[in-house]
């Protein structure tokens with residue numbers, strides 16, 4: 001153990017690759033919606049591992065499930081069955097309306113599986129259309145599907161067969177469909193793109209295009225799934241019937257897990273040898289996922305997420321009226337909320353941090369609020385009070 005937080009950070013800089021812009025904090029423990037750093041300072045966590053810790057930190061049921069499973073069986077190869085994987089696959093399929101599950105370890109891996117399945121489904125067709133400002137992961141295939149040049153430019157040439165069009169522009173999407181197109185891949189709410197919520201009629205029209213041209217509709221629910229928006233899955237808000245959805249982040253409350261769910265007419269194209277994941281669907285991961293899903297997808301729990309999300313948005317809109325020259329827009333669904341500023345976000349985030357509130361920024365001017373879904377209204381009030389002060393000072 002390093003003697004001080006600065007010592008720990010300096011050691012980290014020496015030995016850990018420089019792939020993140022890290023804040024100068026080392027966290028040592030968490031409980032509920034709060035985390036503590038090495039110096040004992042407490043922070044209200046409105047980042048939640050970027051929508052991962054939806055049940056907060058050290059949730060007793062999740063911790064107990066992991067501890068008990070670790071005593072029995074941590075890992076076994078997918079050359080064999082394990083009951084935890086079977087139970088979780090059944091639950092996720094029943095809740096989502098999908099038919100089959102494939103387990104991996106991250107959102108990027110889930111999206112890679114979806115890309116491979118779509119191409120296998122397409123046979124000679126291989127082209128996948130995504131949306132501008134989308135984010136589907138940092139592995140090379142998922143990166144090629146991501147509609148943001150800033151993530152791609154240093155790693156070209158990317159795999160061929162991907163293109164992106166502006167969200168909301170149905171004409172551009174229709175014009176991009178080619179004889180070799182096999183799927184359209186999108187997030188119903190773009191997280192890394194700025195908490196962008198599309199029009200329902202647009203999404204319905206995208207689905208109609210997929211049906212007309214016999215394309216798979218792939219919906220990336222890595223950030224929006226597992227109750228984040230007040231529904232089990234965000235596509236439910238729009239009356240969509242996707243062929244494939246992908247999950248990760250909250251699905252096992254912080255234990256690494258990614259999942260691809262597919263309807264039978266798509267899933268049937270994967271046969272033994274087509275795809276695999278050594279650690280995907282391990283008994284330990286699925287034990288964490290099963291208890292997480294049982295809580296997060298409960299109807300009463302989802303109602304509470306909707307209520308708290310509306311409460312949070314009302315509070316932010318009140319601040320927007322109070323600071324009209326500093327807040328341009330408040331948008332989102334459930335507890336996935338974006339607050340677009342007219343000023344630089346960094347100083348506001350720094351003020352929040354100094355006053356014990358963790359908030360993530362997207363780009364230069366958007367505050368992203370993705371707190372644990374167990375957050376209380378009193379925690380939201382605290383966050384709004386400190387944000388009010390931060391805006392007044394910036």
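The values are calculated or read from the model by the stated rules, or taken from the named source; none is laboratory data. Computed from a predicted structure; not experimentally measured. We place every Cβ from the backbone using ideal geometry, glycine too, and count neighbours over all the protein chains shown.
Details
- Residues of segment 16-48 that are out of contact with any strand residue (DSSP E or B) (no Cβ under 7 Å at 6 or more places or on another chain) and surrounded by fewer than 17 Cβ atoms within 10 Å (Cβ to Cβ): 16, 17, 18, 19, 20, 21, 22, 23, 24, 39, 40, 41.
- Residue check for residue 80: closer than 22 Å to residue 276 by Cβ, at pLDDT 95 or above and exposed (fewer than 11 other Cβ atoms within 10 Å of the Cβ): yes
- Complete set of residues in segment 177-191 that are touching a helix residue (DSSP H, G or I) at 6+ places or on another chain (Cβ under 9 Å) and either under 20 Å from residue 116 (Cβ atoms) or surrounded by fewer than 21 Cβ atoms within 10 Å (Cβ to Cβ) (or both): 177, 180, 181, 182, 183, 184, 185, 186, 187
- Matching option when the condition is over 29 Å from residue 252 (Cβ atoms), surrounded by 22 or more Cβ atoms within 10 Å (Cβ to Cβ) and either in contact with a helix residue (DSSP H, G or I) (Cβ under 8 Å, 6 or more places away or on another chain) or at pLDDT 95 or above (or both), among 387, 367, 373: 387
- Residue list for segment 308-335, filter: part of a strand (DSSP E or B) and either in contact with a strand residue (DSSP E or B) (Cβ under 7 Å, 6 or more places away or on another chain) or under 15 Å from residue 367 (Cβ atoms) (or both): 327, 328, 329, 330, 331, 332
- Filter result (surrounded by fewer than 20 Cβ atoms within 10 Å (Cβ to Cβ), part of a helix (DSSP H, G or I) and in contact with a strand residue (DSSP E or B) (Cβ under 9 Å, 6 or more places away or on another chain)) within segment 50-72: 50
- Taken over segment 118-127, the residue count meeting the criterion of being surrounded by 18 or more Cβ atoms within 10 Å (Cβ to Cβ), out of contact with any helix residue (DSSP H, G or I) (no Cβ under 6 Å at 6 or more places or on another chain) and assigned to a helix (DSSP H, G or I) is 3.
- Subset of segment 175-193 (residues that are assigned to a loop (DSSP other than H, G, I, E, B) and within 22 Å of residue 110 (Cβ to Cβ)): 187, 188, 189, 191, 192, 193
Here's the yes/no breakdown for (1) modelled with pLDDT of 95 or more; (2) assigned to a helix (DSSP H, G or I):
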site	(1), (2)
101	yes, no
111	yes, yes
116	yes, yes
129	yes, no
136	yes, no
144	yes, yes
150	no, yes
163	yes, no
173	yes, yes
